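Structure first, then comments.
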Amino acid sequence: MSALRVVPSLLVASVAACSSTTAPPPPVSLLVQNTTCAAGGCDTVYVVGVPNKQPNTPGGPWLFDLGVVTGQSACLSIPASKVFRIIEEHSGHETRIVWTTADTLTLGFARRPWTRTDAVPETPGFSPAAAPGWSVVYPTDSVPTPAASCRAG
């Protein structure tokens with residue numbers, strides 16, 4: 001009889017393990033409008049995300065590429081989550097920092113390919129998961145505003 005009592009509790013534990021309340025939200029779109037365009041064309045704008053969760057590393061801030069804007073606008077995708085891994089050289093111990101769109105992100109822009117020393121956030125922090133999409137006008141108004149989702153491609 002005690003075996004029957006164990007089975008239902010195992011089933012409840014199994015069902016609970018299958019439903020996750022910590023799953024990352026879906027990716028979020030980011031419409032970048034490039035106001036550097038003139039009769040001769042547009043400046044290429046490189047866009048990076050700089051998470052609020054920053055490791056203390058000598059190599060500069062943690063950032064990830066969001067994309068490149070070569071025309072008047074581009075729809076980029078902010079990934080649902082990113083993982084930064086730090087592996088200690090002597091012990092091999094791994095520390096993981098997980099960022100999701102529910103966390104805060106700032107954006108950085110450059111007119112040439114990024115290096116770690118270029119990682120200067122230029123926007124206020126925002127939580128991408130708070131809206132289905134975001135829009136930012138570079139360089140005239142680099143404040144991300146909630147927007148309808150665009151199609152990243």
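A few comments on the model shown:
- Any hit, region 110-124, residues being touching a Leu at 6+ places or on another chain (Cβ under 8 Å), among the polar types (S, T, N, Q) and at pLDDT 90 or above: yes
- Residue pairs whose Cβ atoms lie under 8 Å apart, sitting 6 or more positions apart in sequence or on different chains, and linking a residue in region 50-64 that is closer than 24 Å to Ser127 by Cβ to a partner that is part of a loop (DSSP other than H, G, I, E, B) and among the β-branched types (Val, Ile, Thr), are Pro51/Thr104; Asn52/Thr104.
- Exactly one residue among Val143, Val137, Val50, Val98 is buried (at least 17 other Cβ atoms within 10 Å of the Cβ) and within 26 Å of Pro25 (Cβ to Cβ), and that residue is Val50.
- Answer residue from region 71-83, given it is out of contact with any Gly (no Cβ under 9 Å at 6 or more places or on another chain) and not small (Gly, Ala, Ser) and is farthest from Ala102 (Cα to Cα) among those: Gln72
- Test: residue in region 126-146 that is more than 12 Å from the chain's Cα centre (by Cα) and charged (D, E, K, R): yes
- Subset of region 119-135 [hydrophobic (A, V, I, L, M, F, W, C) and farther than 21 Å from Ser81 by Cβ]: Val120
- The residues of region 25-37 that are over 14 Å from Thr70 (Cβ atoms) and part of a strand (DSSP E or B), listed by number, are Val28, Ser29, Leu30, Leu31.
- Lone qualifier among Gly67, Gly41 - being small (Gly, Ala, Ser), over 20 Å from the mean Cα position of the chain (by Cα) and under 18 Å from Val137 (Cα atoms): Gly41
- For region 31-65, the tally of residues that are among the aliphatic types (A, V, I, L, M), modelled with pLDDT of 90 or more and in contact with a Gly (Cβ under 7 Å, 6 or more places away or on another chain) stands at 4.
The values are calculated or read from the model by the stated rules, or taken from the named source; none is laboratory data. From a predicted model like this one, the values you see are computed outputs, not experimental measurements. Don't worry about glycine lacking a Cβ; one is built from the backbone with ideal geometry, like all the others, and counts go over all protein chains shown.
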